[in-house]
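The values are calculated or read from the model by the stated rules, or taken from the named source; none is laboratory data. Since this is a predicted model, take the numbers as computed values, not measurements. Note: ideal-geometry Cβ built from the backbone for every residue, glycine included; neighbour counts use all protein chains shown.
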Amino acid sequence: MRSPLPIGCALALLPLAAAAQQKPANYDEAAIPPYTLPELLKTQAGRTVQTSTDWNALRRPEVLGLFEAHVFGKTPAPTQWGKVVFETLSTTETALGGIAVRKVVRISLPAHPQWKGIEMMLHLPKGASRPVPCFVGASFGANEAVTPDTDLPLSTSWMRPGKDTGVVDNRSTEKTRGTEKDRWQLELAVQAGFAVATYYYGEVEPDRPDGWKEGLRAILSNDGPSTEWKDGDWGAIGAWAWGLSRIADYLQTDPAVDGKKLAVIGHSRLGKTSLWAGAQDARFGVVISNNSGEGGAALMRRNIGETTAIITKSFPHWFTKTYSSYGNNEAACPVDSHMLVSLSAPRAIYIASADEDRWADPKGEFLAGLLAQPVFDLFGKKGYGVPEQPGTNSPVGETVRYHLRAGKHDVTRYDWEQYLPFAKRAFGL
Ligand code: GTR
């Protein structure tokens, strides 16, 4: 047997080995290295756009294309998925203690029968006299986790295990019921005159690095499930965002909903998803990013909390392949998150942070909205109206709005209490 290193020598090697691993997250504002953001209004040909017409015709398509090429990948064309069909699986007139009608609708693709589809859950205010506006969002848990009602069959889809989710062996259990109800303030929304449409994101793709093999991405891929993802191919966030747009398709067909008044909402990784859905699909007249952090609203060039290197190591499947090349090399990326926010213009966008959610970089989330303002200005739309991040529970802004909630990484009743009147104003209600 080879003689091992003398103990002193082995100990001396330890810090080196540790240094070769992931850098620990920085939480010191003063230690953020200086950075320069890509110019929002300057086209790749070097022209600075000065009108909303030029933004829409020249720069916006470029910025969208850059996010496709470098961050989220390109969503396949409709010809690849074909016809979308809707089948009502159940209707309950007595949901949420009698104030709502709940429908579960399967959204599927006849051209791809191997995909089970999305079981969208729609809560509608009961007895509404006209079509209602609707929130649309993906959820971490299945329908039985989102609603406080206990009468739904349990989903049989693969679930991520998690604290207080009731998930056992990657499946929902009776204990899963209602575990997400505080995040989805259905009663509050319905009482405010909104419908809420949700779907379990794992129905489009299970959230794990190899989840695509069982998800829609493999099914829609021309190369089949054995494919390896190429630069520019869509990641899981793109697929989950696609699901939100198929719900928007359905909502155009339901006479109880005003399909022109849709607000897309998401928390955390699903907040990144909501931003990307809003960027691609203008039917979402309101875009809400709740604690979306790195890869969402937080500026990637601010090296604080989660970084591009960390997120692409832990969650490579969320993004297009190229994105991981920007870990510890953010300056080379032709976009940053202020450009993602700008893709919502002139529609209304709400960016929300939580003060204890330092991993998501609340200040970086605030700055993205501030720095996107030049695009909203082209449309005469007002933003924050203040240059500095406000204190806790003090929302600022108009078409671009922001708050820093006191507390943890989460979506709470407080957040919904801000989003509901924001969406009402945006929809002129
Ligand atoms: C974290 C991840 C974040 C955020 C969060 C979530 O582990 O680092 O980017 O998306 O998950 O989705 O809850």
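Here Leu216 fulfils each of the conditions (1) away from the ligand (no atom under 16 Å from the Cβ); (2) buried (at least 18 other Cβ atoms within 10 Å of the Cβ); (3) within 26 Å of Pro161 (Cβ to Cβ); (4) without any contact (Cβ under 8 Å) to a residue 40 or more places away in the chain apart from (4).
Note on region 133-148: residues that are touching an Asp or Glu at 6+ places or on another chain (Cβ under 8 Å), part of a strand (DSSP E or B) and either within 16 Å of the ligand (Cβ to nearest atom) or over 25 Å from Gly285 (Cβ atoms) (or both) amount to 1.
Residue check: is Ala331 farther than 26 Å from Gly407 by Cβ, more than 16 Å from the ligand (Cβ to nearest atom) and more than 17 Å from the chain's Cα centre (by Cα)?
Working: farther than 26 Å from Gly407 by Cβ: yes; more than 16 Å from the ligand (Cβ to nearest atom): yes; more than 17 Å from the chain's Cα centre (by Cα): yes.
Judged against the criteria, Ala331 is a match.
How many of the residues making up region 162-205 are hydroxyl-bearing (Ser, Thr, Tyr), in a loop (DSSP other than H, G, I, E, B) and crowded, with 16+ Cβ neighbours inside 10 Å?
3
Does Ser344 satisfy being assigned to a loop (DSSP other than H, G, I, E, B), more than 13 Å from the ligand (Cβ to nearest atom) and crowded, with 20+ Cβ neighbours inside 10 Å? Here the answer is yes, as Ser344 does meet what is asked. In this structure, does Gly117 turn out to be touching a residue at least 12 places away in the same chain (Cβ under 8 Å), surrounded by 18 or more Cβ atoms within 10 Å (Cβ to Cβ), in contact with a His (Cβ under 9 Å, 6 or more places away or on another chain) and not polar (S, T, N, Q)? Spelling it out, it is not the case that Gly117 is touching a residue at least 12 places away in the same chain (Cβ under 8 Å), surrounded by 18 or more Cβ atoms within 10 Å (Cβ to Cβ), in contact with a His (Cβ under 9 Å, 6 or more places away or on another chain) and not polar (S, T, N, Q). For region 400-427, filtered to residues that are away from the ligand (no atom under 16 Å from the Cβ) and not in a helix (DSSP H, G or I), the residue that is surrounded by the most Cβ atoms within 10 Å (Cβ to Cβ) is Tyr402. Among the residues of region 264-280, are any within 16 Å of the chain's Cα centre (by Cα), closer than 18 Å to Arg401 by Cα, part of a helix (DSSP H, G or I) and within 11 Å of the ligand (Cβ to nearest atom)? Yes, the conditions are met somewhere in region 264-280.
Hey, among Gly97, Gly141, which residue is at positive phi and of a type in the set (Gly, Ala, Ser)? Spell out how you get there, then give the answer.
Details: Gly141 fails: at positive phi.
Residue meeting the stated conditions: Gly97.
Considering only region 352-368, I want to know if a residue exists there that is surrounded by fewer than 17 Cβ atoms within 10 Å (Cβ to Cβ) and either in a loop (DSSP other than H, G, I, E, B) or without any contact (Cβ under 8 Å) to a residue 40 or more places away in the chain (or both). Looking for residues that are surrounded by fewer than 17 Cβ atoms within 10 Å (Cβ to Cβ) and either in a loop (DSSP other than H, G, I, E, B) or without any contact (Cβ under 8 Å) to a residue 40 or more places away in the chain (or both), one finds at least one in region 352-368, hence yes. Would you mind stating whether Val101 is surrounded by 17 or more Cβ atoms within 10 Å (Cβ to Cβ), over 24 Å from Gly235 (Cα atoms) and away from the ligand (no atom under 16 Å from the Cβ)? Taking the combined requirement at face value, the residue satisfies it. In region 285-313, the residues that are within 7 Å of the ligand (Cβ to nearest atom) form Cβ pairs under 6 Å with partners that are of a type in the set (Val, Ile, Thr), at six or more places apart or across chains, as follows: Glu294/Ile311; Gly295/Ile311.
Hey, does region 55-68 have a residue that's part of a loop (DSSP other than H, G, I, E, B), within 22 Å of the chain's Cα centre (by Cα) and modelled with pLDDT of 95 or more? No, the conditions are met nowhere in region 55-68.
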